[in-house]
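Everything below concerns the one structure shown next.
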Amino acid sequence: MPLSDPLPKNFDFLTAEPKLYSHWEQQGMFRAEPDRPGPPFVIVIPPPNVTGNLHMGHALDVTLQDILIRYHRMKGDNTLWMAGTDHAGIATQAVVERSLAAQGIQRRELGREKFVAKVWEWKKTYGSNISRQLRRLGASLDWSRERFTMDEGLSEAVQEVFVTLYEQNLIYRGERIINWCPSCRTAVSDIEVEHETHQDHLYYIKYLARDLEPLIVATTRPETLFGDTAVAVNPDDPRYQGYLGKTVLVPLTGRQVPVIFDSYVDITFGTGALKVTPAHDPNDFTLGRSHKLPSILAISETGILTDAAGPFAGRDRLEARGDILEALEREGLWVKTEPLEHAVGHCYRCRSRIEPLVSMQWFVKAGPLAETAAQAVRDGRITLVPASWEKTFFEWMDNIRDWCVSRQLWWGHQIPAWHCPSCGAVIVERQAPQACPNCLGPMERDPDVLDTWFSSALWPFSTLGWPKDTPELRRYYPTSVLVTGFDIIFFWVARMMMMGLKLMDDVPFRQVVLHPLVRDAHGQKMSKSKGNVVDPLEILDQYGADAFRFTLASQAGPTRDLRLDAKRIEGYSKFVNKIWNAARFALTNLNEAQTAAEDTPAPEALVMPQSLPDRWIRSRLVGLTAKVTEELEAFNFDRYCDAIYQFTWYEFCDWYLELIKPILYGSTEAASALKAGTLANLRLVFSDLLALTHPVMPFVTEELWSNFAEGPLMLAAFPAARTEDLDPESEKLIGFLMDVTKAVRQARSDFRVPPGAKVSPIVSVGDQALAELLTKEGPLLLKLMGADCLRLAAAGETAPKGTASNVLSWGEVWTPVLSHVDPLAEAARLGKEKAKLEKDIGAAKAKLQNPGYLAKAPAEVVEETREKLEDFEARLTLIDRTLGMFGSLGE
RNA sequence: AGGCGUGUAGCUCAGGGGGAGAGCACUACCCUGACACGGUAGUGGUCAAGAGUUCAAAUCUCUUCACGCCUACCA
């Protein structure tokens, strides 16, 4: 009789997860020590926004990193997973600003100093949210080293890098056309602009010329005409040769501007005449530079029209458009309007329409840095996984433009530059200067802050203590792997490469693992407006971290989308339950054995498994261990999960545990002799399985581990493949026994044998060895096939009258036919099977008669086809015989 | 406009030159002493279309179609 349950019936993850996590953390198991031995394995977390909440992207990213970190920690590497958060300039400032506005406080009224203090307060209150949420996922981050991009040390790193790059002429200040977000009221970089295709209009407007026909230009933004300082045509355009050296009148302004000739202008677009607004269009800016045109600001930093717009001054640029067109029409200068589809830039933060405008900003000269970074990928010092991203990466790196790094915000790293209001001098220094070096007057610090991504770019070394020379920096840089979504290759990954190579003179990481983006069950991007956002915290509450992590990892292949379906998570939560119950089974038997002293497993039983099922599962475990290691090393998280799932469920539970039951429960002498060895083997195989599964399902495996082995699983050795356990013979034999079992089950099902009824299958086996095997190991199978005995067919024995047949490639199995079988239905089913067999036979025969096939196909392929043909034909014979029998039954 | 990617069972996807696979869903039966969050047996597909290479193509090549995504200075 089994003892009382050693474990509750299900895994209570809501109780167990926090308990296990705080134990790990309190025992310092996440903590890395530079002086510990072992090859370093280092990952820096992509720092989440300090005021953010856990979303699906984090959940996936962190799960994959934790799998790698736990695997390497168990392997014995000196493992560091750096924790930290990002100050997230615009995002955080906007959040705090909104919260203050709700209390009726305006940022500008508050003033810079007080506002920044409010943000710090905010960070203090909400900054640990995200870390708490990451803990719930089981992330084994080294919290003792947690960093924040605005920490003192990291701020020092930012300043040091800025000054160094400035000194090397890799940072400059200049008046350029930049992307301006009128709503955030700051400059943003090129990649922070999202282009969206819009159904827009192309407006044709007359620019009057003295003594000549009016020039008609086409524009999508008529409101910018107040900033026009020229009209451009192509020098090869025959229509406009007469305008050389002439001027035209900008509508509504009374201003004469020159007609310039430039091959940039596309003769075929619109009218071939282009209005030039250097202050508000990147191309026009370039044209303006090369033709030395003045620049007139028509749109202000808040998106309203400037005084240059005359009567329209002070109005929003988009809202005024209609009235401007009306005014043009009244003057007879509007020609026509055509629909036009074109891309319009939007701020990636606030979605408002970006206005290009000329402004004084700081820039990083990206060309030389990008070249070095691209080189590191070209020569393999950094590899991208999957490698298909390389082309996109090079495309961007080879055409990179300078990076506008100044932001007109208050929250962030203030630029270490000082201006002299009296003489205009600008200096960049590590320390605030006492006075202007030119005129000795007082200096003012540049009010701008740096792009958030500037400090993120330093993350792999700033978090390790740079610019100080620390043990961590020496031990852990370069880091090993960077895991992130492909959406921030340009924002972050490329810039870390540039900065790392520049400042550390070495790559920041050796491999970049780019994972998919999480979408909803229908492949739609999750967004608040669509209402399809799934909150990871709810998933964690409902299904637990292990099932959630397994779901994410099992879908993290080299694709771009990861469709998250609650049904799948539910499915894997059942897998957690399966593991839990396999443990209950194992423990019940192990505990029972322990109470009976004579059954205590002998140590030597561990070395050499005795029974066939034990030999088999040990051999299969070698394969699993090798596969798991291989897939983890190659970042094939999906295949790793698949291997674990298939083995655990279909080999370990469905077959191994069932096959050893006769040994564990049996009272025969043979069973007793094997029992101790089987129990020892069960313990060994199951603990290995727990260890192999731990990286992806840390909680349930750790919880169960203490019942099977000493110490924390988290720090246990990752199983190595015991190749000496490889046992092809046992795999072949068990394969045979499985075939017999399945055939009998199928026959039972086909002939509707009631579940309770025992059958007495007669098995005919061609091979003497297999016959002996069946005699010896047959008892293990009886329960699985619902038989009371298993009889070998005598030589030449055929199906007795009144029995039906099924067939296997190796022989035949008969089971008694029950009277309630519906002959018509069975005949129909067999007829279908027969048709398929005949088709297969025809195909195989055709192959074997094909001279080309015989000559060119590999010998083993041909041999295989021959065997198949024999098999098919044998089965066909049996089916015919059965059909004949049904014929006689019908009479 | 270029680049990348994807089209395989009702759904989500794996596979990747020699008999079309998994999970979920569905059908039938079963509470057998780990698990009904379970078990057994099934149903279900011109592997997007066309052409080519090959003894052999879902798989390789080309073309087409559909759907995604990214990059871009067409006003």
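The values are calculated or read from the model by the stated rules, or taken from the named source; none is laboratory data. Not measured: the values here are computed from a predicted model. Heads up, the Cβs are rebuilt from the backbone with ideal geometry, glycines too, and the neighbour counts pull from every protein chain shown. Each accessible area value is taken on the protein alone, full model and side chains, heavy atoms only, with ligands, DNA and RNA left out. Shrake-Rupley method; radii C 1.70, N 1.55, O 1.52, S 1.80 Å.
Brief remarks follow.
- Of A:K75/A:K124; A:K292/A:K365; A:K578/A:K836, those spanning more than 31 Å from alpha-carbon to alpha-carbon: A:K75/A:K124; A:K578/A:K836
- Among A:W334, A:A373, A:G345 the positive-end extreme of the charge dipole of the stretch A:324-381 (Cβ point charges): A:A373
- Each principal axis of the Cα cloud of chain A was evaluated for its coordinate range; sorted largest first, these ranges are 115, 64, 55 Å.
- Only helices enter the 222 nm calculation for chain A: every DSSP H run of n ≥ 4 contributes -39,500 (n - 2.57), and dividing by all residues gives -14000 deg cm²/dmol, rounded to 500.
- Taking packing as the residue-averaged number of other Cβ atoms within 10 angstrom, the listed peptides A:100-108, A:246-254 run from highest to lowest as A:246-254, A:100-108.
- Phi-derived couplings, Karplus 6.51 cos²θ - 1.76 cosθ + 1.60 at θ = phi - 60°, listed residue by residue for the stretch A:220-236: 9, 10, x, 5, 7, 5, 5, x, 5, 10, 5, 10, 10, 10, 7, x, 8 Hz, with x used for Gly and Pro.
- Under 23 Å of direct C-alpha separation, and excluding same-chain neighbours fewer than eight residues apart, A:K206 reaches these lysines: A:K246, A:K275, A:K336.
- About the Cα centre, charge dipole magnitude for the stretch A:312-445 (Lys/Arg +1, Asp/Glu -1 at Cβ), debye: 460 debye
- Full extension of the chain segment joining A:N591 with A:Q408 gains 59.0 nm, where the gain is 0.36 nm per residue of separation less the Cα-Cα distance.
- The local environment of A:S462, defined by Cβ-Cβ distances under 14 Å, has a net charge of -3 under the rule Lys, Arg +1 and Asp, Glu -1.
- Within a straight-line Cα-Cα reach of under 16 Å, A:K834 can be paired with the following aspartates and glutamates, leaving aside sequence neighbours fewer than 8 residues apart in one chain: A:D750, A:E826, A:E870, A:D871, A:E873, A:D880.
- Only Lys, Arg, Asp and Glu carry charge here, each on its Cβ (+1 for the first two, -1 for the last two); on that basis the stretch A:615-706 has a dipole of about 420 debye about its Cα centre.
- Efficiency of FRET between A:L726 and A:K391 - r from beta-carbon atoms, R0 51 angstrom, step 0.05: 0.80
- Gyration tensor (alpha-carbon) shape descriptor, the stretch A:37-124, a/c threshold 1.5: prolate
- Taking the longest Cα principal axis of chain A as reference, the axis of helix A:768-785 is set at about 70 degrees.
- What you get for chain A, charging only the Cβ of Lys and Arg (+1) and of Asp and Glu (-1), is a dipole of about 1020 debye around the Cα centre.
- Carbon and sulfur %, accessible surface of chain A computed with the full protein complex present, 1.4 Å: 52 percent
- Here A:K123 is the anchor, and the lysines within straight C-alpha reach of less than 19 Å, apart from those fewer than 8 places off in the same chain, are A:K114.
- Prolate/oblate/rounded label for the stretch A:131-221 (Cα gyration tensor, a/c 1.5): oblate
- For the set A:K19/A:K567; A:K661/A:K732; A:K661/A:K742; A:K468/A:K502; A:K661/A:K776; A:K19/A:K574, the pairs lying more than 25 angstrom apart at their alpha carbons are A:K19/A:K567.
- Interchain or long-range residues, amide H under 5 Å from A:I296's placed H: A:A279
- Cα gyration tensor shape of the stretch A:668-729, rounded if a/c is under 1.5, else prolate or oblate by comparing a/b with b/c: oblate
- In degrees, nearest ten, helix A:112-126 long axis to first principal axis of chain A (Cα): 10 degrees
- Heavy-atom accessible area order for A:S300, A:S189, largest first, 1.4 Å probe: A:S300, A:S189
- Accessible surface area normalised per residue over chain A is 45 Å², counting heavy atoms of protein chains with a 1.4 Å rolling probe.
- Label reach from A:N129 (point 7 Å along Cα→C-beta): in the stretch A:82-98, amide nitrogens under 19 Å belong to A:84-98.
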